[in-house]
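The values are calculated or read from the model by the stated rules, or taken from the named source; none is laboratory data. Source: prediction; values computed, not measured. Note that each Cβ is placed from the backbone with ideal geometry, even for glycine, and that neighbours are counted across all protein chains shown.
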Amino acid sequence: MNKKIKFAIIGTGMIAERHAAALAEIPEAELYAVYDRNSVLAESFTEKQGAKVYRTFDELLNDPQLVAVTIATPTGVHKEIAVPCAEAGKHILCEKPLDVTLAKADAIIDACDKNGVYLSAVFQSRFSDRVQLIKTAIETGRFGRLVMCSAQVKWFRSQEYYDSAGWRGTWALDGGGALMNQSIHIIDLLLYLVGEPAMVHAFTGTMTHERLEVEDNACASIKFKNGALGVIEASTSCAPGFPRRLELSGEYGSVTLEDDTITRWQFVDEQPEDEAIRNGSVATTQLKSGASDPRAGSHEGHRRQLLDLITAIKHKQQPSIPGSEGRRAVELICAIYESAKTGRVCRFET
Ligand SMILES: NC(=O)c1ccc[n+]([C@@H]2O[C@H](COP(=O)([O-])OP(=O)(O)OC[C@H]3O[C@@H](n4cnc5c(N)ncnc54)[C@H](O)[C@@H]3O)[C@@H](O)[C@H]2O)c1
């Protein structure tokens, strides 16, 4: 297949720009069309990006030229868009979180499975070179037994951010606050690197923003099925906003990742490449994230994930982050909310 794979972006808001920039750097694909419920936004988006504008969602569904869609609408409408797209035979790259509840995430996964289309759940941080270095260190036994594995997102989002679109910070469309929106990437990394959770106990609060339904602060203690313990701290109240941190310690070594920089890499079995990893001379491409500005992230992670989906389509193989992987962080975050609401420990099935 030498033809460019035709993509349409659905929802031409903030994150759509990163998707368009990523697509523009992939020779095997093209931004062929866009659709937004607000056609004025779609029109002004294509003035910058090119590509045709669908007037209706049905027009998109019925276009036989269209091979794949990127869903970049508010989270709580992902299912209502993804299911008809899957039924129309379109492969899907779906922004995080898959949707706001597990039932809706499962409906997307089922529709993709039944209709034989690939679903790639966006977690662009997994494509970081540094995350892959850590993954390899775990898999080759350099940590030994993982013991303390924690994530911290002390970010800042202004009141204007929450007021900038009606869906932000609502249960129905955002699915939650500092955890479900901002911290889901690092929670996914914890699950990806450490493994399945066994139980979680949490507190949440809405502290510094007005008219906000969801939490702007949360902390949870977690026990993983492999016995490791950890803490998740999530906030959008911590001015001026700090790099997010992932700290993994095992019996033979510890690593800290701040944003996409390794700030600690120490193992009892020091290897020749360790100093180069510490001083940053290997894995030089960095993925930026937005401690104080949601627009500050780079599009390199999205480019890599798009390329992964394109490879999946071309070679008829599952993408690296299929729907089943996308649902795991949603499941853990929903359990954290349940624990905060009930005051009880939430247990996962064994
Ligand atoms: N991967 C990341 O790092 C990252 C970063 C930011 C946002 N996101 C995710 O991307 C999604 C969009 O976030 P955003 O900040 O770009 O939102 P946004 O509000 O800036 O843009 C959303 C767009 O979707 C359109 N829209 C709403 N309902 C629609 C519908 N039913 N059909 C078609 N278009 C519709 C709106 O008109 C708007 O233009 C969310 O799921 C969010 O969690 C991911």
**Exclusive hit being surrounded by 22 or more Cβ atoms within 10 Å (Cβ to Cβ) and within 23 Å of Glu300 (Cα to Cα), set Ile277, Ile232, Ile184** = Ile184
**Request:** State the number of residues belonging to the range 4-36 that are over 19 Å from Val117 (Cα atoms), within 13 Å of the ligand (Cβ to nearest atom) and β-branched (Val, Ile, Thr).
**Result:** 3
**Item:** Number of positions in the range 279-329 that are of a type in the set (A, V, I, L, M), away from the ligand (no atom under 16 Å from the Cβ) and at pLDDT 95 or above
**Value:** 3
**Message:** Among (1) within 10 Å of the ligand (Cβ to nearest atom); (2) more than 25 Å from the chain's Cα centre (by Cα), there is one condition Gln65 misses while meeting the rest; what is its number?
**Reply:** (1)
**helices (runs of 4 or more DSSP H) wholly inside the range 255-344 that include at least 1 residues being within 26 Å of Arg145 (Cβ to Cβ) and under 15 Å from the mean Cα position of the chain (by Cα)** = 323-342
**Request:** Answer yes if at least one residue in the range 328-341 is of a type in the set (Val, Ile, Thr), out of contact with any Leu (no Cβ under 8 Å at 6 or more places or on another chain) and closer than 23 Å to Asp188 by Cα, and no otherwise.
**Result:** no
**Complete:** Per the list (1) outside the structural domain of Lys316 (by TED's automatic domain parsing); (2) touching an Asp or Glu at 6+ places or on another chain (Cβ under 6 Å); (3) within 12 Å of the ligand (Cβ to nearest atom), residue check on Arg157 breaks on (2)
**Asked** Quick one: in the range 78-121, which of the residues that are among the β-branched types (Val, Ile, Thr) and more than 16 Å from the ligand (Cβ to nearest atom) is farthest from Pro319 (Cα to Cα)?
**Response** Ile109
**Item:** Pair list, Cβ < 8 Å and 6+ apart or interchain, from the range 128-148 residues that are surrounded by 20 or more Cβ atoms within 10 Å (Cβ to Cβ) to residues that are in a loop (DSSP other than H, G, I, E, B) and of a type in the set (Phe, Trp, Tyr)
**Value:** Ala137/Phe143; Phe143/Tyr252
**Request:** Could you tell me whether any residue of the range 19-42 is under 18 Å from Ala165 (Cβ atoms), in contact (Cβ under 8 Å) with a residue 40 or more places away in the chain and surrounded by 16 or more Cβ atoms within 10 Å (Cβ to Cβ)?
**Result:** yes
